[in-house]
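Working notes, beginning with the structure itself.
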Ligand code: EPU
């Protein structure tokens, strides 16, 4: 285990916020994590588990130890006529995994193409896009207790997946490092083109048979056309979640704002937060070096050398204006540290 001191995190968070950590360790194995837990000089210090850094806003220097998840490997656990069960190290890049599956003709995650970040973050927030959520292909995961160093298995049920949510964002927040996940992928495919934009993009692509490769390409095209590439412009995708309203509250809002964009959800009506923020006039607005992307009001970006607080304060202003115009309180999707 190599311990590094005063390490810049600028290149390790997709917002590109220039902060540093007192201690930094890359963890490749269970033994590495156990060595961090046993290390005397880390006693009592806060620990931050860092995956791909694509869903995090760092407001300050981190006075503790950062554990960068570097567990690698993709292996077939078993397969049958219809399915393949893949075990994937949490430190693998998510989009590379999707490309690997599409190339092998394993279906189920093609709609989740081009989502930034690493595999370990996928169950954390039950990543979802274009009509598919991770939980649909998820089997189980392995996680390391950051207190005891014990390796524990969590079934799909144990993970308590919800919309951009899991037990690891709630009761078990900051207690485990996810080290590997198992997915069940399909050999015979039912493509999901329920999301309107996919249908339109597939039509524009003018391909005959729609297979998982075509769906993946359609998603890549849509995402690249409206979501900024974090490698070019610092951002963390959607900054807020789409709020879920009670039916009666939604009806009230709809009567006042007939154009409101909404979708049915299991426990109410989901409203497009991007629409709410856009209606408050935020698209393309800047506040110092932080700003709201010109193509998507849900995406906050670092247009220069923004500090974490600049981005956070902008998000507060947005929250307040949406609350006063619509009476809806947005929730941040990005983890604030
Ligand atoms: N809209 C506006 N103005 C905007 C942006 C959006 O009016 O500036 C309206 C449009 O009418 C649009 C609707 O909002 O049709 C929904 O926008 P979009 O299709 O871009 O989807 P979203 O609800 O904003 C969610 C996820 C995305 C995911 C897409 C596609 C959340 C918080 N975000 O965005 O996930 O890629 O659906 O499925 O659920 C992410 O989590 O980082 C992310 C990008």
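Readers should treat all values here as calculations from the given coordinates under stated rules, not as data from a laboratory. Since this is a predicted model, take the numbers as computed values, not measurements. FYI the Cβ positions are ideal-geometry reconstructions off the backbone, even for glycines, and counts take in every protein chain you see.
Observations on the model:
- Label separation (residue 335 vs residue 303): 2.9 nm, computed from points 7 Å beyond Cα along the C-beta direction.
- The alpha carbon gyration tensor of the chain gives principal lengths a ≥ b ≥ c with a/c of 1.5 or higher and a/b no greater than b/c, which makes the shape oblate.
- Shape class for segment 53-115, computed from the alpha carbon gyration tensor (a ≥ b ≥ c): prolate, with a/c not under 1.5 and a/b above b/c.
- Annotation for segment 1-63 versus segment 162-180: alpha-carbon center distance of 18 Å.
- Fraction of beta bridges assigned by DSSP in segment 3-69 that are antiparallel (%, nearest 5): 35 percent
- Span from the segment 100-137 Cα centroid across to the segment 300-323 one, whole angstrom: 28 Å
- When the chain is treated as a GNM with alpha-carbon contacts under 10 Å, the residue of 273, 209, 35 showing the greatest mean-square fluctuation is 209.
- Cα convex hull volume per residue for segment 113-207 (Å³): 110 Å³
- Computed on segment 234-336, with alpha-carbon pairs under 8 angstrom and 6+ residues apart, the relative contact order is 31 percent.
- Judged by the gyration tensor of its Cα atoms, with axes a ≥ b ≥ c, segment 182-232 is oblate; a/c meets the 1.5 cut and b/c is at least as large as a/b.
- Two-site FRET efficiency, residue 209 against residue 174, from Cβ-Cβ distance with R₀ of 45 Å, rounded to 0.05: 0.45
- Among 235, 126, 60, the largest mean-square fluctuation in a Gaussian network model of the chain, built with springs joining Cα atoms closer than 10 Å, belongs to 60.
- Antiparallel DSSP beta bridges within the chain, as percent of all bridges there, nearest 5: 80 percent
- Debye intensity ratio in log₁₀ form over the Cα atoms of segment 179-280, taken at each q of 0.17 Å⁻¹: -1.07
- Among 243, 230, 258, the residue with the largest mean-square fluctuation in a Gaussian network model of the chain, with springs joining Cα atoms closer than 10 Å, is 258.
- FRET efficiency, residue 153 to residue 231 (Cβ-Cβ, R0 35 Å, nearest 0.05): 0.50
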